[in-house]
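First up is the structure itself, then whatever we jot down about it.
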Amino acid sequence: MDSSISSRKWLIRFRTSLLDFVNFTVFLFLDFLDAILCVIYRYIDQFLEGKTTACYCGSRGEERGNADGDGENELSETLYGRRSVFRRIALVGFSGSCKDSEKMNSGSAWNRWSDCGCSSCVDGKENRNQKLYVAAREPPRGRSGKPKENVIFLHGFVSSSSLWTESVFPNLSETQKLNYRLFAVDLLGFGRSPKPRDCFYTMKDHLEKIEESVIHQFGLNSFHLVAHSMGCLIALAIAAKYSNSVKSITLVAPPYFPSKDGGAMTVLENLGAKRVWPPLLFGSSVMSWYEHVGRCACFVICRNHRIWEWILRRINPRRNINFRVIDLTKHTHHSAWHSMHNVICGGAKLTDGYLDELSRAGVKIYIYHGDQDVVAPIECSYNLKKKAVDATVNTVKNADHQTIILGRERELTQELGYIWANTVDIERS
C-alpha cells in the first residue's frame with residue numbers, strides 16, 4: 001500500500017515537473033519569437049506603409065505616452081510591464097523608429113496591411129459618425145403606449161452582439177416581447193462596429209461610444225444592463241455614471257480582481273497565466289503577453305476569415321457556420337490588444353470605484369458564474385460580492401466561461417425576465 005502511494009506521488013511530481021519544463025521552454029521560445037517579429041514588422045510596416053507602427057516593446061518613456069492620463073482614458077501598465085530579455089535586445093538600433101511611432105497611430109488610416117479590409121470588417125469607414133452597430137429588438141408595432149423597460153446587452157472579448165441575438169432574443173416569452181426594448185451592442189473594435197486605428201480602446205472610449213450610439217441615440221431614460229465577461233467591466237462603468245437611470249445589472253462570468261491585490265499586472269497574470277494547458281488558457285496567454293505573435297495570429301485568422309469561412313462551408317455545406325467562429329475573426333489586432341489591456345487589465349483599478357458608487361446608489365447586481373470557469377475563476381464573483389453589498393451570486397454547476405450562456409439559453413432568458421419583472425424602482429438622489 002505504501003509503495004503504491006509513493007509511486008502515485010512520484011508520478012504526480014514527475015508530471016508537474018514535466019509540465020513546468022514544457023511551460024518554461026514554450027514561453028521562452030515565444031519571448032524570443034516575439035522579439036524577432038518586432039524587428040520584422042518594423043521593416044514590413046516601413047516598406048508597405050511608409051512609417052513604422054507603434055508597439056509597446058520599449059519602456060514607457062520610449063513609447064507612446066498616455067492617452068491623456070485621466071483614469072478611464074489611461075493606458076494600462078501591462079502594455080509596458082510585460083518583461084522579456086529578448087525584447088530589449090531586439091530594440092537596439094530602433095530607438096529612432098520608436099520616437100516617430102505615435103504618428104502612425106493617428107490620422108485617417110483605418111486598417112493596417114495585416115488587417116482585413118472587407119466591408120464587414122471596416123463597417124463604419126464611410127459612416128463618418130462612427131456609431132456602434134446595435135441590434136435593436138422593438139415590441140411589435142401598433143401596441144399602445146411606450147415599452148415598459150429598456151435592456152442593454154454587452155458581449156465579452158472577441159465576441160459580438162450575436163452572443164445575445166442568438167441566445168436570449170429567440171427565447172423571449174410573449175410578455176417579454178411586448179414589454180421590453182432590447183439593444184445588443186457590438187462594442188467598439190468588434191463585430192460590425194467601427195475599428196478605428198487612432199483609438200486606444202480605453203474604458204472611456206468604450207463608454208462614450210455606448211452613450212452616443214445607444215443611450216443618447218435611442219433616448220433611454222432608464223434601462224437594465226446585461227453583460228458577459230469583458231462587457232461586465234464596461235457595464236459597471238456605465239451603471240456608475242448613470243446610477244439614477246440603471247434599474248438592474250446582470251453580470252455573467254465577470255473577470256473581477258480587487259485592485260488591492262496588485263491591479264493590472266495581477267489581472268494579466270491571472271487571466272493570461274503562462275501555461276500550455278488547458279488550450280483555452282494557452283491561447284489567452286499568447287494573445288495577452290505577446291503583441292507581435294498576436295498580430296501574426298490575427299493576420300492568419302482574421303485577415304483571411306473569408307477563406308476560412310469558404311472552407312468551412314465546403315466541408316459542411318448543410319450547416320451554417322456557428323456565430324462564435326464568425327465573431328472570433330471580427331476584430332483587428334489593434335482593437336483586441338488594447339481592449340484586453342486597457343479595459344480588462346487596466347480596468348481593475350477603476351472597478352472598485354464603480355462598485356462603491358453603485359452601493360451608495362442602491363443598484364442591485366445579479367451575478368451568474370460557472371463553477372468550471374478557467375478563464376475567469378468563480379472566485380472573481382465571490383470577491384465582487386464582498387465589495388458590493390447589493391450583489392447576489394448564483395453559481396451554475398458544470399458551466400464554464402461559454403456554457404454559462406450557451407447550452408442554457410432558455411433558462412438564462414427566464415432568469416433575466418424574472419430579474420427585470422421584479423426589480424423595484426428605487427428613488428435615488
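Could you check how many residues of the range 235-288 are open to solvent by less than 40 Å² (accessible area, probe 1.4 Å) and of a type in the set (K, R)?
Count: 1.
Being part of a helix (DSSP H, G or I) and touching a Leu at 6+ places or on another chain (Cβ under 9 Å) is the requirement here; does R313 meet it?
On the way: part of a helix (DSSP H, G or I): yes; touching a Leu at 6+ places or on another chain (Cβ under 9 Å): no.
The answer is no for R313.
State the number of residues belonging to the range 160-179 that are buried (at least 21 other Cβ atoms within 10 Å of the Cβ), in a helix (DSSP H, G or I) and of a type in the set (A, V, I, L, M).
1
For a quick check of your reading of the model, give me the residue pairs whose first member lies in the range 406-422 and is charged (D, E, K, R), whose second is in a helix (DSSP H, G or I), with beta-carbon atoms closer than 6 Å and at least 6 apart or on different chains.
These pairs meet every condition: E409/N171; R410/N171.
Considering only the range 180-197, I want to know if a residue exists there that is part of a helix (DSSP H, G or I), more than 30 Å from Y418 (Cα to Cα) and open to solvent by 10 Å² or more (accessible area, probe 1.4 Å). Full working, then the answer.
Here is the first cut: in the range 180-197, the ones part of a helix (DSSP H, G or I) are none.
So far as the range 180-197 goes, no, none of its residues is part of a helix (DSSP H, G or I), more than 30 Å from Y418 (Cα to Cα) and open to solvent by 10 Å² or more (accessible area, probe 1.4 Å).
Residues of the range 1-52 being in a loop (DSSP other than H, G, I, E, B) and surrounded by 10 or more Cβ atoms within 10 Å (Cβ to Cβ), which ones?
Correct list: K51, T52.
Can you pull out every residue in the range 289-305 that is among the basic types (K, R) and within 23 Å of Y80 (Cβ to Cβ)?
Result: R295, single match.
Go through the range 308-323 and give me each residue that's farther than 20 Å from E166 by Cβ and over 28 Å from the mean Cα position of the chain (by Cα).
As a first pass, look at the range 308-323 and keep what is farther than 20 Å from E166 by Cβ: 310-311, 314-315, 317.
Selection gives R314, I315, P317.
I want to confirm something. Restricting to the range 316-330 and keeping residues that are open to solvent by 20 Å² or more (accessible area, probe 1.4 Å) and not in a loop (DSSP other than H, G, I, E, B), which single residue is farthest from F299 (Cα to Cα)?
Per the stated criteria, the residue is F323.
Provide a single number: the residues in the range 203-223 that are assigned to a helix (DSSP H, G or I) and surrounded by 14 or more Cβ atoms within 10 Å (Cβ to Cβ).
13
Restricting the first residue to the range 247-266 and requiring it to be at positive phi, which pairs with a second residue that is buried (at least 18 other Cβ atoms within 10 Å of the Cβ) and acidic (D, E) meet a Cβ separation below 8 Å and a spacing of at least six or different chains?
Taking only residues 6 or more apart or on different chains, the pairs are A253/D373.
Can you give me the number of residues within the range 388-402 that are over 17 Å from A227 (Cβ atoms) and surrounded by 15 or more Cβ atoms within 10 Å (Cβ to Cβ)?
1
Conditions first: (1) touching a Ser or Thr at 6+ places or on another chain (Cβ under 6 Å); (2) buried (at least 23 other Cβ atoms within 10 Å of the Cβ). F299 passes all but one, so which condition is the exception?
Only one criterion is unmet by F299, namely (2).
Tell me which residues, restricted to the range 229-259, are more than 21 Å from H216 (Cβ to Cβ), part of a loop (DSSP other than H, G, I, E, B) and not hydroxyl-bearing (S, T, Y).
Selection gives A253, P254, P255, F257, P258.
Can you tell me how many residues in the range 408-424 are closer than 14 Å to Y180 by Cβ and open to solvent by less than 20 Å² (accessible area, probe 1.4 Å)?
5
Can you pull out the residues in the range 363-377 that are open to solvent by 20 Å² or more (accessible area, probe 1.4 Å) and not hydroxyl-bearing (S, T, Y)?
Of everything in the range 363-377, those that are open to solvent by 20 Å² or more (accessible area, probe 1.4 Å) and not hydroxyl-bearing (S, T, Y) turn out to be K364, D371, Q372, V374, V375, P377.
The values are calculated or read from the model by the stated rules, or taken from the named source; none is laboratory data. None of these values were measured; they are calculated from a predicted model. Cβ atoms come from the backbone with ideal geometry, glycine included; neighbour counts cover every protein chain shown. Ligands, DNA and RNA are excluded from the accessible area calculation, which covers all protein heavy atoms including side chains. Shrake-Rupley method; radii C 1.70, N 1.55, O 1.52, S 1.80 Å.
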